[in-house]
1. By how many nm would the segment from HIS99 to VAL46 grow when fully extended, if each residue of separation counts as 0.36 nm and the alpha-carbon distance is taken off?
2. May I ask for the percentage of alpha-carbon pairs in the stretch 30-106 that lie more than 19 Å from each other?
3. Quick query: amide H of ILE56 versus all other amide H atoms, modeled in the peptide plane; which residues come in under 5 Å with a sequence gap of 5 or more or a different chain?
4. Taking the alpha-carbon set of the stretch 60-163, what are its Rg and Dmax in Å?
5. Quick check: net charge around ILE77, other residues with Cβ under 14 Å of its Cβ, Lys/Arg +1 and Asp/Glu -1?
6. Could you order ILE130, ILE160 by accessible surface area, starting with the largest, using a probe radius of 1.4 Å?
7. By per-residue mean of other Cβ atoms within 10 Å, what is the highest-first order of 112-120, 139-147, 54-62?
8. Which order do PHE109, PHE162 take when ranked by solvent-accessible area (1.4 Å probe, heavy atoms of all protein chains), largest first?
Amino acid sequence: MITFATVIRLFSLFACWLMAASVVAQHRSDALDDVLQHVPMASVFVLKGLSEADMIDMENGTPWLEMTMTAIASYTISAATTYSLKQLVGERRPDKSDHRSFPSGHATFAFAGATMLHHEFGHCSPWVTIGGYGLATLTAVDRLCRDRHYLHDVCAGAAIGFLGIELTYYLRQRLFPNKDNVDLTFTGQSLSLAVRW
C-alpha cells in the first residue's frame with residue numbers, strides 16, 4: 001500500500017532526477033537522453049534502498065545480489081543484441097551523423113529498466129509501472145524529435161530491452177527455482193559463489 005507521503009517522496013525523487021538531467025543537458029545536446037535512458041533502472045535500486053531504509057512502504061522480496069545480477073545480465077543481453085545489430089545493419093541516422101541508427105540503444109536501456117521496475121515494484125502500485133514505461137517512452141520520443149532515430153529504430157530498441165529483461169527473469173526462474181541454491185560469501189579477502197543443483 002502506497003501512502004500519500006510515499007507519493008510525495010517519489011515525485012521529489014523524480015524531480016531531483018530531472019533537475020540533474022537538465023543541468024547536464026545544458027552542456028551537451030544529447031545529455032538529457034543519456035540520463036533519461038538509465039532513470040528507470042536506477043529507480044529500481046533507489047526504491048529498493050528507500051524501502052529497506054523504511055523511508056517508503058514498498059515490498060520487494062528480491063535480495064540485493066539477485067537483483068543486481070539480474071540487472072547486469074539483462075543489460076548485457078540487451079546491449080550485446082543492440083550493438084551487434086547496429087554493426088550488422090549499418091542504417092544511417094536521420095540527421096546523417098553516422099550509420100548506427102538501428103536499433104536505438106537509448107530505447108533499449110530505457111525499456112529494459114522500465115520492465116525491471118515493473119517486475120520488482122509493479123505489484124506495489126500500477127503507477128510505478130506507468131511511470132517507468134512513461135519515462136522510457138519519453139526517451140524514445142525525444143530520440144525521434146532530435147532526428148537521431150526513425151520510428152522503427154526506437155520500436156526495435158524497446159522490444160530488445162523488454163525481451164532482454166523477460167529472458168533474464170525466465171532463465172533465473174528456470175535455472176534457480178529455489179533461492180537457497182545460490183550462496184555468495186565474502187570474507188574480506190575472498191569472494192566465493194556456490195551453486196547447488
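1. Values: separation 53, 0.36 × 53 = 19.08 nm, distance 3.54 nm.
Stretched out fully, the HIS99 to VAL46 stretch lengthens by 15.5 nm.
2. In whole percent, the long-distance tail amounts to 53.
3. Correct list: SER51.
4. 14.5, 46
5. On the way: positive: ARG172; negative: GLU166.
Summing Lys and Arg as +1 and Asp and Glu as -1 gives 0.
6. Working: ILE130 95, ILE160 30 Å².
Final ranking, largest accessible area leading: ILE130, ILE160.
7. Final packing ranking: 112-120, 139-147, 54-62.
8. Highest to lowest solvent-accessible surface, that is PHE162, PHE109.
The values are calculated or read from the model by the stated rules, or taken from the named source; none is laboratory data. Source: prediction; values computed, not measured. Cβ: placed from backbone, ideal geometry, glycine included. Neighbour counts: every protein chain shown. Quick note on the areas: whole protein, heavy atoms, side chains included, nothing else; ligands and nucleic acids left out. Shrake-Rupley method; radii C 1.70, N 1.55, O 1.52, S 1.80 Å.
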